[in-house]
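Below: one structure, written as structure tokens.
The values are calculated or read from the model by the stated rules, or taken from the named source; none is laboratory data. This one's a predicted model, so the numbers in the text were calculated from it and none came from an experiment. Positions of Cβ are backbone-derived with ideal geometry, glycine not excepted, and every protein chain shown enters the neighbour counts.
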Amino acid sequence: MSSMTHKTILLLATSLALLPGCAKAQDGTEWDQARTAQQANAAGAMQQAVERWKLLNSSDQFAFADYAGFLMTYPGFPEEAKFRLNAERALERTAAEPSRIAAYFDRYPPVTNQGRANFALALNALRRADALSVARDAWRGGPMSDMAEAALFPLLASYLTPADHDARMDALLWAHAGPQAERQLLYVSPGARTLFMARLGLVNGKDPAASGVVVGPEASRDAGYLYNRSRTLRATGQGSAAAWVMASRPPLAALPRDPRKWTYELLSAARAGDAQSAVKIAAGIDDGFAPGTEISKLSFQLRDDYTSLMWLGGTKALNSLGDGARAAPLFWRYGNAARTPQTRSKGFYWAGRAMARAGNRTEAERYFQMAAVYPDQFYGMLALERLGAALPPFNKAPGVVPTRDERAVFNAAPLTLAVREVARESDWPTAVRFFREISDRAATEAEHVLVADLARELGRRDLGVILGQSAHADGYGDFQKIAFPLIPIPQGGNWTMIHAISRQESQFAMNAVSHAGARGLMQLMPGTAREQAAKMGYSYEPSALTRDAGYNLTLGNGYFARMMDYFGGSYPLAVAAYNAGPGNVNKWLRANGDPRNGSIDWIDWIERIPLSETRGYVQHVIENAVVYEAMNPAKASYRGANPLSHFLGKQSPG
């Protein structure tokens, strides 16, 4: 960009900031004014704590005292689970006083069985009454270091029951801890020995029958045996056999010891088999959980594997077997197991599509109504179109006002003080971690309002976006205004798409730099920015990408316009190219068909994008465009019915 052109953009930004209050509310300059005021403040008391956090977060090789001391002093900071895991692992490398170990685990219960064993040994050294119960829990919990095993066994030997020994053996086999399981086999109960021997053989990669170990029919109903057998079959290149084992099994006799590993194995076996096996495995998952279990409240890793299995089963039933009636319940489970509005609306929408294909319009409409509960989501919008319903105005505001005491507690919290510090001056990855943490920890509507107020005070649109997403996931849907903030747009820019892309790319953080090196509001790669600057007659200034909003938005808008021209005005293809490059988009058009000529449906084409990041990116950017135009009708490029289908280029709604 020439110096004159660069100055012109800076003057434009300055003039926008000086507009009257009513105009400021229309273009978002109030955010930038608040940000400028915040940056003028001196460093706060939390600066050293944030720097210490960054240091500890950079490595897993610090001492136990380092991680434990930080957690005890600054509870609620980001990456708490990671720090807790690192603290427990550090005890295997660095010594610590029993009193310090006990004090830490009293505050933060062990997350690993090795940590539980170390807790028990510390309690025993302190002669605390609860040492025995914690030691028994550790013994039953399975894997631990050989040193811990040797230290705990003499303490427990006279107290352990056959049930304790069987529980430990089961845990060791689920963990594939072969050497410890071989030692433990000496202590298991006679009635369980044969099945344990068979499972131990599988853990060691051997066929139990070849070793003379014959199990009865009860093995086919034992989750541990099925898990070990399927895992070993896959490890030896017999994936289809593993799929058959999991697809043809009878109902489990008891719940699996480790539901996460069980779900992962079901998913792995389903992926290794044919469509029929995948559908059977997915449909038979319920006996792995207690009746009434809400999958959405379980760990992320388990939910991720569960939803992946349900999606696999649903798509195989619908697309490979042509059986919408079998696909719909799996898509419903996919949505119902999720926490995020994106995934919930997607599952319910596809359940509706499946039932529509099966000819059941009543059930299809019921599922579409479930998806339409999320009208600011891609699939929620499609569901509304299927139902013939209009988008809401997205203009509600939270009705709760935090009390004075709630605000005082919030403002004094170490995490809030740290957020103020990183918002003032910090690298973007650190700021995002703290913004996500304070947003995710907000539980009540009042707490979400407090974070929203903080975002406005700090002038951080990115915190506003993150807070809005978190509130929506928690069931509070009246935070759209802060979740979809405005930003001044360079003259002649595509108002809708600059907002839609910037929200997805950087959440409007000017200093955003991705792991791949993309920079600024619209996340331009340096090479792309250099090329675009040359095409527009500007000089290339790398530092301006993260310090001059007008420069970044001008180049990003220009590049998106090129993609729109290249793909004949198709928003989905241009958006996909903005994220993954036009070469990839052309490759996908050749492989999957071109929805512009009707050879494939637009929704199907998007779902077949092989890069999950790009697949989600296209959906998010287009839903952003629809919401921004619904919230700001004076800026809308389209005011007709079915706006999502308009942006997609679909001829039929939904």
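Okay, here's what the table says:
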| item | result |
| --- | --- |
| Whichever residue in segment 643-654 is over 14 Å from PRO393 (Cα atoms) and either polar (S, T, N, Q) or more than 27 Å from the chain's Cα centre (by Cα) (or both) and, among such residues, is surrounded by the fewest Cβ atoms within 10 Å (Cβ to Cβ) | GLN651 |
| Any hit, segment 127-135, residues being of a type in the set (D, E, K, R) and within 27 Å of PRO190 (Cβ to Cβ) | no |
| Test: PHE348 is surrounded by 19 or more Cβ atoms within 10 Å (Cβ to Cβ), in contact with a Gly (Cβ under 8 Å, 6 or more places away or on another chain) and not charged (D, E, K, R) | yes |
| Residue check for ALA181: buried (at least 17 other Cβ atoms within 10 Å of the Cβ) and assigned to a helix (DSSP H, G or I) | yes |
| Qualifying helices (runs of 4 or more DSSP H) (wholly inside segment 1-94; at least 3 residues being in the same structural domain as PHE410 (by TED's automatic domain parsing), modelled with pLDDT under 95 and in contact with a Gly (Cβ under 6 Å, 6 or more places away or on another chain)) | 29-39 |
| Identity of the residue in segment 520-543, over 13 Å from MET510 (Cα atoms) and of a type in the set (Gly, Ala, Ser), that ends up surrounded by the most Cβ atoms within 10 Å (Cβ to Cβ) | ALA529 |
| Criterion: buried (at least 19 other Cβ atoms within 10 Å of the Cβ), without any contact (Cβ under 8 Å) to a residue 60 or more places away in the chain and not hydroxyl-bearing (Ser, Thr, Tyr) - qualifying residue of PHE83, PHE77 | PHE83 |
| Criterion: assigned to a helix (DSSP H, G or I), of a type in the set (S, T, N, Q) and buried (at least 19 other Cβ atoms within 10 Å of the Cβ) - qualifying residue of SER470, SER426 | SER470 |
| Residue in segment 579-601 that is surrounded by fewer than 19 Cβ atoms within 10 Å (Cβ to Cβ), more than 27 Å from the chain's Cα centre (by Cα) and at positive phi present | yes |
| Flag if THR528 is within 20 Å of VAL618 (Cβ to Cβ), at pLDDT 95 or above and among the polar types (S, T, N, Q) | yes |
| Cβ pairs under 8 Å, 6+ apart, first in segment 582-600 and assigned by TED's automatic domain parsing to the domain that holds PHE567 and farther than 17 Å from LYS650 by Cα, second of a type in the set (Gly, Ala, Ser) and buried (at least 16 other Cβ atoms within 10 Å of the Cβ) | ASN584/ALA576; ASN584/ALA577; VAL585/ALA576; VAL585/ALA577; TRP588/ALA576 |
| Some residue of segment 440-463 being in a loop (DSSP other than H, G, I, E, B), in contact (Cβ under 8 Å) with a residue 60 or more places away in the chain, surrounded by 15 or more Cβ atoms within 10 Å (Cβ to Cβ) and not basic (Lys, Arg) | yes |
| Out of PHE394, PHE434, sole residue that is aromatic (Phe, Trp, Tyr), farther than 30 Å from TRP332 by Cβ and in contact with a helix residue (DSSP H, G or I) (Cβ under 8 Å, 6 or more places away or on another chain) | PHE434 |
| Tally of residues being touching a Ser or Thr at 6+ places or on another chain (Cβ under 7 Å) and in a loop (DSSP other than H, G, I, E, B) across segment 494-522 | 7 |
| Qualifying residue in segment 135-142 (condition: assigned by TED's automatic domain parsing to the domain that holds PRO98, modelled with pLDDT of 95 or more, among the basic types (Lys, Arg) and buried (at least 19 other Cβ atoms within 10 Å of the Cβ)) | yes |
| Flag if GLY399 is at pLDDT below 95 and surrounded by fewer than 19 Cβ atoms within 10 Å (Cβ to Cβ) | yes |
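Results for (1) under 26 Å from HIS646 (Cα atoms); (2) surrounded by fewer than 17 Cβ atoms within 10 Å (Cβ to Cβ), shown as yes or no for each residue.
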{"residue": "PHE508", "(1), (2)": "yes, no"}
{"residue": "HIS515", "(1), (2)": "no, yes"}
{"residue": "ALA518", "(1), (2)": "no, no"}
{"residue": "LEU545", "(1), (2)": "no, no"}
{"residue": "GLY550", "(1), (2)": "no, no"}
{"residue": "GLY556", "(1), (2)": "yes, no"}
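Matching residues to (1) at negative phi; (2) assigned to a helix (DSSP H, G or I); (3) surrounded by fewer than 22 Cβ atoms within 10 Å (Cβ to Cβ):
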residue: MET370; (1), (2), (3): yes, yes, yes
residue: TYR374; (1), (2), (3): yes, no, no
residue: ARG407; (1), (2), (3): yes, yes, yes
residue: PHE410; (1), (2), (3): yes, yes, yes
residue: LEU415; (1), (2), (3): yes, yes, yes
residue: VAL422; (1), (2), (3): yes, yes, no
residue: PHE434; (1), (2), (3): yes, yes, no
